[in-house]
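Heads up, the thing below is written out as structure tokens.
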Amino acid sequence: MASIPNLNTLGGGRRGHRLRGGRGTTPTHEDATADSVERGRDQVVQQTDHDASSSRMSAVALGYLDDPYARTFFGHDTEIPKRYPIINRGTYVRTKAIDRLVKQFLDVRPTQKKQIVSLGAGSDTRFFRLVDESSASNLHLVYHELDFEANVNRKRTTLRQSAELSRLLKSGGDRGLTYHLHALDLRDLAVKSPPEIPSLDPQLPTLLISECCLCYLPHETAAAVLDYFSMHIPGSMALVLYEPIRPFDAFGKTMVTNLASRGIHLQTLKRYSTLEAQQGRLRLAGLSDGQAARDVLQLYDDDDWMAPEERERIEKLEWLDEVEEWQLLASHYCVAWGWRGEAFGEAWASRGGSSSIRNIQMI
Amino acid sequence: MSDLDKAIAQLRACRPIPEIQVRELCYKARELLIEEGNVVTVDAPVTICGDIHGQFHDLMELFRVGGDVPDTNYLFMGDFVDRGFYSLESFLLLLCLKVRYPDRITLIRGNHESRQITTVYGFYDECLRKYGSANVWRYCCEVFDYLALGALVIGAATELEPTDAPFADPSHATTVSEGDEVEVELLNSAGHIVTRHVRDRYIGQSSQLSNPPSSPSQTREQTPSRNGAPGTGATGSSHGSSGNGGGAVLCVHGGLSPLIDSIDKIRLLDRKQEVPHEGAMCDLLWSDPDEIEGWGLSPRGAGFLFGADIVKCFNHKNDLSLICRAHQLVMEGFKEMFQNTIVTVWSAPNYCYRCGNIAAILELGEDGSNAGYAPRSNGDVERSHGASNGVLTERMDKLKGPGRRYRVFEAAPQDSRGMPAKKPVADYFL
Ligand SMILES: C[S@@+](CC[C@H](N)C(=O)[O-])C[C@H]1O[C@@H](n2cnc3c(N)ncnc32)[C@H](O)[C@@H]1O
């Protein structure tokens, strides 16, 4: 059954490198100010979940995505936001592309127990949808979600208050799907002696998901977080990530300044600015058996990723006039994935749409 | 000061005018527009502008760069509203100017001047927010139904009077010698010349000329550069014999329609209605030129894609030297295609406050030397047989294009635009 460990005691709240001024000395006034500035910044990052959740809600409400839990986490009483068609389309592509990679992983060697770790999961609904979709079968899966304490608390409250979700957790638990929600600042994994993540099973083939999360960390920290998992999990491991790219052209530059004016700093963007750089990063993270990356525009235009009927269906949902803008926006986000170990090799290199995936590896 | 002038002053300050005034303004505008044909005839000189999309402060920048009404004649090719925060002020100001100076400003319809589109893309919500009811939106939509579908610019000079301004980069300076015709100038927002192209004089020797430097298409990694001549495909590929005058310039928001092979057919449409989902009127407002042969399906779900062959035939048949349209975001502000037979002009810099593009307007000068619109004289030249291969295309009779002066400009400075205190919605994926 879903054990929801209280990780507040765990490494929690204070990160090593934030302990300025040395041990035992009382913090100076400047330290306090710097600390509150940093808290403010973290808050902005935490609130990005609301954007993601609103966009998901909008896409669900208009029929792009079928996701009964988006509303539950978004809040039943909150007015459903209206997003522009290009945002809805992008939300759709991102969700479906990650879903598909996840499904391929789960479908391969169906009797083998597996593990998924969602970094900065926020209000993500993927676990609950998986429980739903697998309702007939047994799935042996340990699912972890990590996020800041504030966001995790919000999710816990929702879980507690929703009879539907409680039932789902129970029914999943009965069929071998366990769920763990951890309050953890990912940056704490980047310090010298990082905390253990309870119930993380180092023996299982493990898929990490970073859906717009690692990009908010300094690049060294983001790399250290991946190293943490890479070291803890000796066997099969993979990462699927979704984040912005191409910060150097006119659109990208404007994106960087616009987000900065909201206090949002995409700290890894310049370093992993292209599909190639993203693949290189995955290789360096020890995911050496294969790497691939595609921008959202490519994913959308590729029949292998978007069945033509599906494309036709979603193009009928809304009149998307902003074709050029869609191309700009969609070419500034990518899904990248890399792996080591046979389970992933089988899942991603030889299954559905394999030829295209193999081709990408060669880019 | 008349009420109209007061309204203009108020709108110039980006303050909406009272509902009752909007009603009156829209009524007057309709009376005026109803007299216009589907295709309005406009005499050069005129400055042609593309999409505005409610970017009021950038519209002010456009007037600063291009000159004020009524000193400069303007032709706006639609898409005044939606997306930006100030669709209302932008459209009403243009409408006031139209009513105040009817001969100085021409407004034609874009695909966003429609009830259906404005409910999705912001204008409807903006009216509701600013007036508390949908009345103003309704008045404006009634005006939309009366806007012309196109304009025909006549009397444009085939050569530019060279601008008496310094070059932005002196190493690009070209001197104009006796007998040279200046075909294209590109000026920055400070009025300095970025590039200048002289029309090729060696007619008949085109095979020795290299192809036009193709306009930089909007490639993904590209940063708009203000060096060189972004968007300019100007060269000596004009094969009209020197006896030819310039052809007319057709302005439409989107492009051509498979149902329309002559301008007269446009004139026959019944335009006073909401933009239909299909048909000729819809196509004129929704279609895009593309590097294809013939016609293709549009990714927009309305209108069509059309290739160079279609443009060449249409221009030839209608004695046009150029089609000027808007509708598509181009990062460099303008883009000439198909050997300068069609150009896209885009006038909303940093579109949606997000795209990072520059904007442009196109000035066509007045032909002082003759009556201007000279019908094609050598109609016996090989006509298109679905001409798409280079040789045939080259041989097609093509009228000398008008001299074109593009002025590019960037978004008005952030502090002048008075962003609404409430932050705009998330325009990115987070
Ligand atoms: C843009 S949201 C995406 C949420 C979710 N993955 C989705 O796609 O819907 C980014 C999430 O990453 C989380 N995050 C960012 N930095 C983090 C950190 N250092 N530790 C834990 N969570 C973090 C934020 O709190 C936020 O919930």
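Numbers at a glance
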quantity	calculated
Placed amide H near B:Glu366: partners under 5 Å, 5+ positions off or other chain	B:Ala157
Positive-pole candidate from A:Gln115, A:Val45, A:Ala238, dipole of segment A:45-362, charges at beta carbon	A:Gln115
Segment A:21-126: GluC sites (Glu not before Pro) falling in loop per DSSP and having at most 11 other Cβ within 10 Å	A:Glu79
Solvent exposure, largest accessible area first (probe 1.4 Å, DNA, RNA and ligands not counted), of A:Ser199, B:Ser287	A:Ser199, B:Ser287
Loop sites in segment B:9-64: GluC sites (Glu not before Pro), DSSP, at most 16 other Cβ within 10 Å	B:Glu35
Spatially proximal aspartates and glutamates relative to A:Lys155 (Cα-Cα < 12 Å; intrachain offsets below 8 disregarded)	A:Asp49, A:Asp124, A:Glu145, A:Asp147
Size of electric dipole in segment A:45-362: Cβ of Lys, Arg +1 and of Asp, Glu -1, about Cα centre, debye, nearest 20	620
Candidates A:Ser162, A:Ser210, A:Ser123: whichever shows maximal mean-square fluctuation once chain A is modelled as a Gaussian network with Cα springs under 10 Å	A:Ser162
Spin-label model distance (nm) - A:Lys316 vs A:Arg71, 7 Å beyond Cα toward Cβ	2.3
Dipole-positive endmost among A:Ser210, A:Leu269, A:Val152 within segment A:45-362 (Cβ charges, Cα centre)	A:Val152
Helical mean residue ellipticity (222 nm; -39500 (n - 2.57) per DSSP H run of 4+; nearest 500) of chain A	-14500 deg cm²/dmol
Which listed pairs, of A:Lys82/A:Lys103; B:Lys6/B:Lys98; A:Lys82/A:Lys316, have C-alpha distances above 23 Å, in listed order	A:Lys82/A:Lys103
Extension reserve of the B:Lys130-B:Thr41 stretch, reckoned as 0.36 nm per residue once the Cα distance is removed	28.5 nm
Residues of type lysines that B:Lys400 reaches as a straight line, Cα spacing below 22 Å, ignoring anything fewer than 8 places off in the same chain	B:Lys312, B:Lys317, B:Lys335
Candidate lysines - alpha carbon under 16 Å from A:Lys253, same-chain residues fewer than 8 apart omitted	A:Lys270
Trypsin sites (Lys or Arg not before Pro) lying in DSSP loop within segment B:94-142, provided at most 16 other Cβ fall within 10 Å	B:Arg104
Choice from A:Val102, A:Val131, A:Val191 showing the highest fluctuation, given a GNM over chain A with Cα pairs closer than 10 Å	A:Val191
Positive minus negative residues near A:Asp201 (Lys, Arg vs Asp, Glu; Cβ under 12 Å)	+1
Cβ-based charge dipole, segment A:45-362, positive-most Cα from A:Pro198, A:Thr254, A:Gly345	A:Pro198
Förster radius 25 Å - calculated FRET efficiency between A:Ala349 and A:Glu309 (Cβ-Cβ, nearest 0.05)	0.45
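The values are calculated or read from the model by the stated rules, or taken from the named source; none is laboratory data. Since the model is a prediction, treat every value here as computed from it, not as a measurement. Note that each Cβ is placed from the backbone with ideal geometry, even for glycine, and that neighbours are counted across all protein chains shown. Surface areas here come from the heavy atoms of the whole protein model, side chains and all, with no ligands, DNA or RNA. Shrake-Rupley method; radii C 1.70, N 1.55, O 1.52, S 1.80 Å.
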